[in-house]
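First comes the structure, then the notes that go with it.
The values are calculated or read from the model by the stated rules, or taken from the named source; none is laboratory data. Computed from a predicted structure; not experimentally measured. Using ideal geometry, Cβ is built from the backbone for each residue, glycine included, and neighbour counts are taken over all protein chains shown. Please note that ligands, DNA and RNA were not included when accessible areas were found on the heavy atoms of the full protein model with its side chains. Shrake-Rupley method; radii C 1.70, N 1.55, O 1.52, S 1.80 Å.
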Amino acid sequence: MSIHILALVGSVRAGSHNGQLAQAAAKLTPEGVELSIQENLEQVPFYNEDLDSEGSIPQHAAALRESAARADALLLFVPEYNGTMSAVLKNAIDWLSRPYGAGALSGKPVAVIGASGGQYGGVWAHQDARKAATAAQANVIEDITLSIPNSLTRFADTHPIDDSEISTELKSVVARLAKAAERTTAAHV
C-alpha cells in the first residue's frame, strides 16, 4: 500500500525557503510514500460561507478539498509572518475544516514544520498552525517538529536538499508522518 502525503506551503513567493523544503521533502520520501505539493493556494478565495455551497464552490477551493480528501496525511510548511502563520495557509485550513465534523482534515494525521528568517524558526507560527489544524479536527502529530531558524542565511547559497542536516531531518519527518498515516489507515480498515 502506498501512502500519499499532501504538502501545503504557506509561502507562495518564488524562491520561498518553505517551498524549497517541500520540494526537498518530495524528493526524500521513503519507498512506498508519495509527497505532492498543492499548487495555487494563492488562488483559493478567502473562505466565505456564501461561496461554500454544493455546485458553486470556487474551482481552486474544490481542488484543494479534493487533494486533501485523497491524501493519507498532510505536511504543512509554515513560514512566520508577523509572529503567526500566513493568511494563505490559514485560509487553506479554513476551507479544509468545512463542513465542520466532515472536513477534509478530519481525523487525518498532520505535521507542521518550516523555516523562518528569524532566530526561532517560526515556532509561534507553527504553534498557531497546529492550533488551527486541531480545531479543524486534524490529528496533529505534536512530536513531529522541525523549525529552521535564520533561513535567509542558512539557505542563501544552499538549497535545503543539499544541506545534509536538513535532508536527514526531512527524511525523518516524512517517514514518521507516513507511519502515522499507516496506523490511521489500518485503524479504519
> Looking at the stretch 1-48, which of its residues are in contact with a strand residue (DSSP E or B) (Cβ under 8 Å, 6 or more places away or on another chain) and at pLDDT below 95?
Replying inline: SER2
> Which residues, counting only those in the stretch 54-89, are open to solvent by less than 50 Å² (accessible area, probe 1.4 Å) and among the small types (Gly, Ala, Ser)?
Replying inline: ALA61, ALA62, ALA63, SER67, ALA68, ALA71, ALA73, GLY83, SER86
> How many of the residues in the stretch 61-106 are touching a residue at least 60 places away in the same chain (Cβ under 8 Å) and of a type in the set (D, E, K, R)?
Replying inline: 2
>> With the requirement that a residue be over 26 Å from THR153 (Cβ atoms) and under 12 Å from the mean Cα position of the chain (by Cα), what does the stretch 11-38 give you?
In response: LEU35, SER36, GLN38
> For the stretch 41-50, what are the residues that are in a loop (DSSP other than H, G, I, E, B) and open to solvent by 60 Å² or more (accessible area, probe 1.4 Å)?
Replying inline: PHE46, ASN48, GLU49, ASP50
> Does VAL9 fit the bill of being out of contact with any Pro (no Cβ under 7 Å at 6 or more places or on another chain), farther than 15 Å from LYS171 by Cα, in contact (Cβ under 8 Å) with a residue 60 or more places away in the chain and among the aliphatic types (A, V, I, L, M)?
Replying inline: yes
> Restricting attention to the stretch 124-151, which residues are free of Cβ contacts under 8 Å to residues at least 40 places away in the same chain and open to solvent by 40 Å² or more (accessible area, probe 1.4 Å)?
Replying inline: GLN127, LYS131, THR134, ALA135, GLU142, ASP143, THR145, SER147, PRO149, ASN150
>> So if I check each of ALA104, ALA115, ALA92, which one is open to solvent by less than 10 Å² (accessible area, probe 1.4 Å), under 18 Å from VAL140 (Cβ atoms) and in contact with a helix residue (DSSP H, G or I) (Cβ under 7 Å, 6 or more places away or on another chain)?
In response: ALA92
> Taking the condition assigned to a helix (DSSP H, G or I), of a type in the set (Val, Ile, Thr) and modelled with pLDDT of 95 or more, does ILE113 pass?
Replying inline: no
>> Show the residue pairs meeting these rules: Cβ distance below 8 Å; 6+ apart or different chains; first residue within the stretch 155-179 and free of Cβ contacts under 8 Å to residues at least 40 places away in the same chain; second residue open to solvent by 40 Å² or more (accessible area, probe 1.4 Å) and in a helix (DSSP H, G or I).
In response: ASP163/ARG154
> Taking the stretch 168-189, which residues are under 19 Å from ILE37 (Cβ atoms) and crowded, with 17+ Cβ neighbours inside 10 Å?
Replying inline: GLU169, LEU170, VAL173, VAL174, LEU177, ALA178, ALA181
